[in-house]
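Each reported figure results from applying straightforward, stated rules to the coordinates on display, with no laboratory input. All figures in this text were calculated on a predicted structure; none of them were measured in a lab. So basically every Cβ, Gly included, is an ideal-geometry build from the backbone, and we count neighbours across all protein chains shown.
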Amino acid sequence: MITIFWRTIKDRWRMLAAVTIIGSLVQFMYTSLFPTYSKSFGQSEELFKQMPEALKKAFNMDQFSFNTLDKFLTIEMYSFFWIILMILFTLSLAGTSFAGDVERETVTLTAGQPVSRSRVFWGRYLAGVKLFSVFNIVVNFIVLPIASAFKLHIDPLHLLTIMVMGELFGLAVFSVATAVSTFLTDKSKVYMIVGGTLLVTYVMNIISGISEKFANIKYASPFYYFNPNTFLVKGQYNTAAVLVFGSVIIIGTVVAWWRWRQRDIL
């Protein structure tokens, strides 16, 4: 299993480097631009006041402000860009490790190895967890030296909070994508199914904030539970989010492990 783990790391490190560099550069861009944006905060606040209240809540912008770095990053980085990077990376990891193995017809080599399918699964799955964790930690905590270079303040404990909650969110997506990947033979279908489902739930979260009639559908959207304002600005954990993401991780992982052991891969 250890050999499979490190082989997967070796095969995916370029992907890790790419998304980590992109995420770090975007963090640098937003952090360096914060002093400029904060000077025009008054104009931005006036525009924000004209937005419908429901729309603000749907995009986790009900406490909009550019007067501190954490509030600025909440809106500019964590409400959209970080989520996009996380989804792209986790779907790619899950799709290439299982459905992609069948699609490339390298699965026969996998089946011919003198190790059980369980060892193959856990080696690849844990490698995916490791790769995502490195991305998540680096992209979050690189803000500290950048902010220090520009003489800006941000609370390290608040960064830790959003890192932990982002880890749970990302691993929940990764676990579901892995489960889907073990059922399919084409990685592009994994991207379409899981990515399409996430898009639908994202829209559901927006609709729940706009229409009182559909307010309850927000509970079926993972984006409702990932609230950057609560994590980064307030430094608070969300018990419901921990339970939801934790449950999805466990269920997704168990289903994926069971399916990989049972499916006909030859």
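What order do you get for 162-175, 192-205 when each peptide is scored by the mean count of other beta carbon atoms within 10 Å, highest first? Write out the running numbers ahead of the final one.
Working: 162-175: 23.7, 192-205: 16.0.
In decreasing order of mean packing, 162-175, 192-205 become 162-175, 192-205.
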With 0.36 nm assigned to each residue of separation and the Cα-Cα distance removed, residue 213 to residue 3 gains 70.3 nm
Output for region 90-198: trypsin sites (Lys or Arg not before Pro) sitting in coil per DSSP, at most 10 other Cβ within 10 Å, listed by number, reads 151
In nanometres, the difference between 0.36 nm per residue of separation and the alpha-carbon distance of residue 192 and residue 134 is 18.3 nm
Full extension between residue 118 and residue 10 adds, at 0.36 nm per residue less the Cα distance, a length in nm of 36.9 nm
Rounded to 0.05, the calculated FRET efficiency for the beta carbons of residue 220 and residue 104 at R₀ = 51 Å is 0.90
